[in-house]
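Some notes on the structure that comes next.
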């Protein structure tokens, strides 16, 4: 799907394709890829890299434009608690930006896209927009990990531990993506004349670099916390299971004691009290006394 936008009154608005200054291509099919390679002379390999989730962030100078591959966070799976990353391609021409993304990021509205000065500024605002997504996802990961920690304290299942493993795996992906983005942004800062950045664009780029570094530090902190607490949480689950087995064992033995008393008086031989009028109640009293006596003796040992 292709969406076209133009700069009007410092904002991006939808327009016809012949007036487009920003072209957003979402999950392009083969026909749309051919259009990009033929009309805009975008390298086919670079275009495929823009949609490859395993591609690293990088900056390339192509004939007539600058190609930027940037790592972005995708929408997470709330059932499996998986946070994944992918890539987008930003192809900056003189007076035009072609954005190839695996999913829609529109509409270009809100605080992040206010006061757009030029096309390079649009590209930087898009990068800032996605770094903001990293921070939002990291906050969600922090809240989810706290909720899982509370559930693990009383759980005897592996389900919540598997969710924690998924979060830890997601943080590893985020760390790699943010580190790769950091190298790209530093390269952009050193080669800002390549992209045609002015003074204000350079200041915005500095802010983006700071936000990316903050995101990386947050992701590293959360990853260290999850890693350091994982063994303790596994031990908690095992300890909860041991406590349950201990309780079941005590209950089983407590039931066996009165069962032994009743069984002893149920033998088909001559036994005491067999002609007593209150034999049943006496036997039941002995059985329950033996059970409570067992529980009383084991209570100090917890």
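The values are calculated or read from the model by the stated rules, or taken from the named source; none is laboratory data. As the structure is a computational prediction, the values presented were derived from the model and not from experiment. Every residue, glycine as well, gets a Cβ built from its backbone with ideal geometry; the counts of neighbours run over all protein chains shown.
Structure notes:
- A Cβ distance below 6 Å, combined with a sequence gap of six or more or placement on separate chains, defines the contacts here; from the range 264-282, residues that are at pLDDT 70 or above reach no residue that is loosely packed, with under 11 Cβ neighbours inside 10 Å and assigned to a loop (DSSP other than H, G, I, E, B).
- Subset of the range 15-27 (residues that are surrounded by 14 or more Cβ atoms within 10 Å (Cβ to Cβ) and more than 31 Å from the chain's Cα centre (by Cα)): 15, 20, 21
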